[in-house]
Amino acid sequence: MMKKTNAKRVLAAALAGMMALSLSACGEQGGGSPTEGAAAAVVSAETKAEAESAAESQDTGKSGEEITGGASRPEAVSQEDWEAMQKEPAFGTTLNYLFNGGACVSAVYLAEALGYYEDYGINAEYIEGESVVMTVGTGKCLWGTDHIATMLVPVTNGVDMTFVAGAHMGCKSIYVFNDSEIKTAEDLKGKTIAIHDGIGNSDQNIIYRMLDGEGIDPTSEVEYLDIADSAASVAAMESGEIDASIFSDYFVIANYSDKMRKVCSITPSDEFEGEVCCVTAMNNDFLAKNPVHAKYIVMAIKRAGQYARLHSEDAVQLMFDTNKMTGEFENQLQFWDSLDFGLSDAITEEALGNIAADYIRLGVIQKKELTADDVMKLAWTNACPDEEVQGLTVGDPKYVEGRTVEVQQKGE
């Protein structure tokens, strides 16, 4: 059962009462990551039937006049696009997206809380529920954000969604205690590393590429132990049952910042180049039937990513005020600022291509007939090119060929 919440009401109440509370980084909030074998079956006949019914009800609910009251064209939407939007089945309906709280996936929610969807005549409301694969992939929700490592394999197995925008860099690393004899990635050879979401899922997929990039064969030169949660992994490290563990960077910042250090990371720093971690996915059927709505939804999300990067203190405060974040403000802000929110299409596409090629080579994607180009055709749709978003800047931490807008970091 999914819980539906009106974010505008929540925000109004929050600004009056200054509430505070709930987060876990995308790596800590669960959400389910189907295994390679299970991904192909994730949309069962029964689930798909329910999903199609849900998607259809979103497309053919109230008329535009009922919801918009016959409102005139929003200033931010061209006359041509407004006329096209009115012909799409989503026009005037309430569009549900997935958001379960947390920093990593926050841009889709900030776009609602800041009124960016509304700027384009889109009535969007978040739903709390299962993973993006299980909701967006089946049409129960129309878009949502999660790890590439969680969603890419299911996409190649036929889950009905595609990626439309990059969210941020980093957020996960392999950690050891400060006094560990493991000093570099090379020292992980022959060691046991904890993962938290099962063999063949996102934690292991992320580790595969981190170690592969360091010249270590992740399929044979290390061992993996699936442990229920991060706290249990800490205990296993203390007892010597494991040698290292992948953690959300936020988990360590909040609890072990003076006791642990990184050995490998996808978070950009002086030591590590980092990589695109999370992307926003959109339901294919919705995108095909409502391309102009999709364009403006992505436009709103890209603006929200820019806001998250350039105004991080305000963005984090908004998350606390609307009960989407807990913990210490300074810890959350430190984590937030490490993520380089609002990435260019160019860096996202480059990362997806590299990840696809590596997943095929390492056997994470097991359909041997697929090439990286085949995967990209399934996984990437540029629904709203960066240059179409007025005033957009991006947070790319490195040069990438083909970027069409300027880079701007916080404080610049």
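Residues of segment 195-226 being more than 21 Å from Asp146 (Cβ to Cβ) and in contact with a Ser or Thr (Cβ under 6 Å, 6 or more places away or on another chain), which ones?
Hits for segment 195-226 are Glu223, Leu225.
Does at least one position in segment 208-224 carry a residue that is more than 19 Å from Ile355 (Cβ to Cβ), open to solvent by 50 Å² or more (accessible area, probe 1.4 Å), touching a His at 6+ places or on another chain (Cβ under 8 Å) and not aliphatic (A, V, I, L, M)?
no
May I ask you to verify whether Asp285 is surrounded by fewer than 24 Cβ atoms within 10 Å (Cβ to Cβ) and farther than 30 Å from Ala185 by Cα?
Criteria met by Asp285.
For segment 114-155, how many residues are part of a strand (DSSP E or B) and touching a residue at least 60 places away in the same chain (Cβ under 8 Å)?
Going through segment 114-155 one residue at a time, the tally reaches 10.
Regarding segment 328-345, can at least one residue be identified that is within 26 Å of Glu273 (Cα to Cα), free of Cβ contacts under 8 Å to residues at least 24 places away in the same chain and in contact with an Asp or Glu (Cβ under 9 Å, 6 or more places away or on another chain)?
Within segment 328-345 (the criterion being within 26 Å of Glu273 (Cα to Cα), free of Cβ contacts under 8 Å to residues at least 24 places away in the same chain and in contact with an Asp or Glu (Cβ under 9 Å, 6 or more places away or on another chain)), the answer is yes, since at least one residue qualifies.
Suppose the filter is crowded, with 18+ Cβ neighbours inside 10 Å, out of contact with any Pro (no Cβ under 9 Å at 6 or more places or on another chain), among the acidic types (Asp, Glu) and under 30 Å from Glu186 (Cβ atoms); does Asp243 pass it?
It is true that Asp243 is crowded, with 18+ Cβ neighbours inside 10 Å, out of contact with any Pro (no Cβ under 9 Å at 6 or more places or on another chain), among the acidic types (Asp, Glu) and under 30 Å from Glu186 (Cβ atoms).
The values are calculated or read from the model by the stated rules, or taken from the named source; none is laboratory data. Remember, predicted model here, so these are calculated numbers, not experimental data. Don't worry about glycine lacking a Cβ; one is built from the backbone with ideal geometry, like all the others, and counts go over all protein chains shown. Note: accessible area is taken over every heavy atom of the protein model, side chains too, but ligands, DNA and RNA are not part of it. Shrake-Rupley method; radii C 1.70, N 1.55, O 1.52, S 1.80 Å.
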